[in-house]
Amino acid sequence: MKRTVLAHKFQLRPDKADLASRKRLLTGIAVLFNLLALATDGQAQVEIPVTKTFEPGDTTPIWVSMSGFTGEAAQVLEFDLYVQGFAFTNSAAAQYLISGSNNGNLQGRVTDPHNKSTLVSKAYSGASLRRQAHAFADDFVNAIPGHKGVALTKIAFKNDTGKNSEIYIADFDAHNAQPVTSDNSIVAAPCWVPGRQALYYTSYKFNHPDVFYHDIPTTERRTFARYGGSNMSPAVSPDGSKVAMILSKDGWTDLYVCNADRSGLTRLTKSPEDESSPCWSPDGKWICFAAKLKERRSLCKISASGGELQRISTVGVLNPTEPDWSPDGKWIVFTAMMGGFEICVVPSQGGKVFELVAGEDPSWAPNSRTVVFARRHGGGRTLSLLDVPTKQVKDVSRFSGSSSQSQPSWAK
């Protein structure tokens with residue numbers, strides 16, 4: 001009867017409605033019919049929409065229920081999904097039902113009760129239980145249109161122990177951390193080479209801030225930039241062919257770029273004000289960085305081949321620094337210094353800023369929605385993961401002792 005009532009309520013009047021109006025009205029009726037059908041489907045649940053676009057900090061999580069997993073497997077799956085925009089509820093209210101077991105090897109299944117479809121049904125073996133759970137989480141996330149799993153990715157970061165620090169790499173949740181350097185000195189700003197197990201970073205190993213290239217599987221390391229003055233903040237282009245850096249070799253602290261074989265060093269900025277924290281646009285055409293313009297720190301971009309500086313507006317937020325451009329090109333995440341430190345995002349063309357959470361040193365995941373950053377606690381820092389659309393935050397696994405982790409970089 002409800003359908004009949006609706007049909008009469010939205011009667012058309014052909015003599016006054018044009019074709020466009022009819023089309024919009026019929027589409028609305030179809031949507032209402034679909035909602036009514038769902039409401040009378042026995043489960044009395046309206047399907048939760050999974051959108052491909054989001055409003056930072058104001059997006060509803062995707063509700064899931066999970067059963068059958070225990071211990072470490074359950075903990076890993078809950079962590080992996082929470083930091084990618086999922087939240088947990090009962091089976092009647094869930095968009096997706098996750099079930100399985102981890103007796104020996106892991107078996108996992110994900111169904112969509114609304115569409116009566118199976119997204120994943122798979123057994124996992126040949127790796128640790130933790131890695132099996134990561135793989136299952138990725139298979140589930142990858143099965144949702146517009147989503148990309150990151151549970152099997154890596155991060156690099158700076159680990160402070162007293163007056164010295166070293167570069168470490170780890171799984172994205174900071175488990176299985178391994179030292180890359182043993183310089184017994186100060187290190188800074190690790191940056192992954194896209195698509196490779198290799199890093200650039202700054203080290204004071206030779207009592208001078210130099211940029212190094214480090215191949216992780218072979219442990220081969222070589223000095224990349226050792227000019228007079230400081231050599232800081234290496235950032236690799238998306239295709240790995242170029243490296244941007246902050247150098248003071250010519251008296252001022254400016255932005256330079258060169259080829260990965262060290263040839264073609266080009267100075268892009270010439271300013272008495274300090275530049276810092278370069279990052280690349282995903283198409284490799286632009287370099288974004290923090291600069292001072294008329295005594296105020298701003299986000300700017302410049303063509304990788306040189307040209308005029310362009311300011312990226314951050315409406316309502318002062319002193320932006322430490323930018324990172326999302327892999328999909330839509331957003332720039334950065335640290336705002338306004339009394340404390342705040343993680344913010346702004347459209348890559350500039351505009352309205354979304355303030356998200358207290359923290360610094362942000363780096364995008366390959367999915368362009370999760371960010372790793374450093375959060376201050378007591379006298380140190382710990383790494384945390386932020387799902388930008390929902391503002392869901394989780395600290396990663398902490399190191400024992402009084403060590404402090406910062407300056408993370410997410411492998412792309």
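Out of curiosity, is Q407 in a loop (DSSP other than H, G, I, E, B), at pLDDT 95 or above and either surrounded by fewer than 17 Cβ atoms within 10 Å (Cβ to Cβ) or of a type in the set (S, T, N, Q) (or both)? Taking the combined requirement at face value, the residue does not satisfy it. Restricting A235, A225 to those that are among the aliphatic types (A, V, I, L, M) and either within 25 Å of the chain's Cα centre (by Cα) or at pLDDT below 95 (or both) reduces the list to A235. Say whether the condition of being among the hydroxyl-bearing types (S, T, Y) and surrounded by 18 or more Cβ atoms within 10 Å (Cβ to Cβ) is met by at least one residue in the range 107-121. No, the conditions are met nowhere in the range 107-121. If you go through the range 368-379 and pick out every residue that is touching a residue at least 24 places away in the same chain (Cβ under 8 Å) and under 19 Å from I169 (Cα atoms), you end up with 5. Scanning the range 259-285 for residues that are surrounded by fewer than 21 Cβ atoms within 10 Å (Cβ to Cβ) and either charged (D, E, K, R) or farther than 23 Å from G229 by Cα (or both) yields D261, R262, R267, K270, E273, D274, S281, P282, D283, G284, K285. Among the residues making up the range 241-273, a single one is basic (K, R), touching a residue at least 24 places away in the same chain (Cβ under 8 Å) and part of a strand (DSSP E or B): K242. Cβ-Cβ distances below 9 Å connect the following pairs, each with a first residue in the range 210-233 that is in the same structural domain as Q178 (by TED's automatic domain parsing) and without any contact (Cβ under 8 Å) to a residue 60 or more places away in the chain, a second residue that is of a type in the set (F, W, Y) and in a loop (DSSP other than H, G, I, E, B), and a separation of six or more residues or different chains: D210/Y204; D210/Y227; T223/F206; R226/F206.
Residue-wise test of (1) over 15 Å from V236 (Cα atoms); (2) more than 29 Å from the chain's Cα centre (by Cα); (3) not assigned by TED's automatic domain parsing to the domain that holds V317.
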site: A260; (1), (2), (3): no, no, no
site: R267; (1), (2), (3): yes, yes, no
site: P282; (1), (2), (3): no, no, no
site: K292; (1), (2), (3): yes, no, no
site: R297; (1), (2), (3): yes, no, no
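Of all residues in the range 133-149, none are at pLDDT 95 or above and in a strand (DSSP E or B). When residues in the range 57-79 are screened for being part of a helix (DSSP H, G or I), in contact with a helix residue (DSSP H, G or I) (Cβ under 6 Å, 6 or more places away or on another chain) and within 18 Å of T111 (Cα to Cα), 1 of them pass. Looking at the range 358-377 only, could you name the residues that are on the phi > 0 side of the Ramachandran plot and surrounded by 22 or more Cβ atoms within 10 Å (Cβ to Cβ)? Across the range 358-377, the qualifying residues are G359, D361.
The values are calculated or read from the model by the stated rules, or taken from the named source; none is laboratory data. In this text, all values refer to a predicted model and were calculated from it rather than measured experimentally. Using ideal geometry, Cβ is built from the backbone for each residue, glycine included, and neighbour counts are taken over all protein chains shown.
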